[in-house]
1. How many residues are β-branched (Val, Ile, Thr) and open to solvent by 90 Å² or more (accessible area, probe 1.4 Å) when one looks only at segment 106-124?
2. Quick check on my filter: what residues within segment 138-160 are open to solvent by 50 Å² or more (accessible area, probe 1.4 Å) and within 13 Å of residue 125 (Cα to Cα)?
3. Tell me, which strands (runs of 3 or more DSSP E) wholly within segment 1-100 include 3 or more residues that are surrounded by 12 or more Cβ atoms within 10 Å (Cβ to Cβ) and of a type in the set (A, V, I, L, M)?
4. For residue 103, only one of the following conditions fails: (1) part of a helix (DSSP H, G or I); (2) within 30 Å of residue 153 (Cα to Cα); (3) of a type outside the set (S, T, N, Q); (4) open to solvent by less than 50 Å² (accessible area, probe 1.4 Å). What is its number?
Amino acid sequence: MSSEYPIISWKELIKHFKRSSLWVVIEGMVYDVTTYLDKHPGGEEILRKCGAKDATEQFLEYNHSNYARSILASRIVGQLTDEPPPHNYAQLLKQRKQRIKNPYKQITWEELEFHNTSDDAWIVIDDDVYDVTDFLSEHPGGMKLLLDYAGDDASKFFHRINHSQYAHQIMNELQVGMIVGIKPKKKEKQAPTNYVLIMFIIIVLFIFIYLFLF
């Protein structure tokens with residue numbers, strides 16, 4: 001595929017179904033309509049239902065004016081890949097939306113610890129659990145800051161910074177549950193037996209040399 005626009009994969013498209021980042025596909029082109037939601041004449045709900053989907057059919061049902069099309073043109077993100085969507089794309093998108101709709105799901109610390117990679121990153125802030133996987137590349141402070149706390153409590157880190165209202169709005173859409181139970185204490189790493197033995201021998205050797213020479 002040759003195009004003057006970036007090629008958008010289905011893997012990238014599926015991330016943008018939330019109010020804080022909403023992309024739609026019309027006639028093979030991908031548009032970011034996030035900041036247009038509250039301006040859409042038909043209401044934002046129509047656009048939100050089309051988030052991360054091909055909305056060509058819905059768009060063509062209405063006789064949109066040239067002005068409407070000019071608005072679209074200014075919001076182009078790229079061109080959708082020629083590759084077919086994953087066979088379970090609709091199901092994957094549905095699962096992502098359902099996770100957000102259940103912010104009161106109880107999640108244990110033991111379960112949280114499994115979500116500690118760039119492909120599956122959850123963090124805790126003030127007893128609420130957030131799935132920040134899709135937000136890693138968008139985080140203003142960089143991906144590493146979030147990954148350092150993946151599978152763990154990031155409350156202290158979060159409150160060091162005066163986050164904006166927009167940041168809190170994004171958090172609301174990323175919440176997947178609430179933490180329950182007592183956080184287990186992290187076990188201190190024990191030095192290997194061989195290392196301890198070597199250090200002991202070195203110390204004894206120094207003492208022997210000291211006594212022998214002095």
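The values are calculated or read from the model by the stated rules, or taken from the named source; none is laboratory data. The shown structure was predicted, so the numbers you read here are calculated from the model rather than taken from an experiment. Note that each Cβ is placed from the backbone with ideal geometry, even for glycine, and that neighbours are counted across all protein chains shown. Just so you know, the surface numbers come from the protein's heavy atoms only, side chains and all, with ligands and any DNA or RNA stripped out. Shrake-Rupley method; radii C 1.70, N 1.55, O 1.52, S 1.80 Å.
1. Residues that pass the stated criteria total 0.
2. Result: 149, 153, 156, 159, 160.
3. The strands (runs of 3 or more DSSP E) meeting that bar are 21-26, 76-80.
4. Only one criterion in (1) part of a helix (DSSP H, G or I); (2) within 30 Å of residue 153 (Cα to Cα); (3) of a type outside the set (S, T, N, Q); (4) open to solvent by less than 50 Å² (accessible area, probe 1.4 Å) is unmet by residue 103, namely (1).
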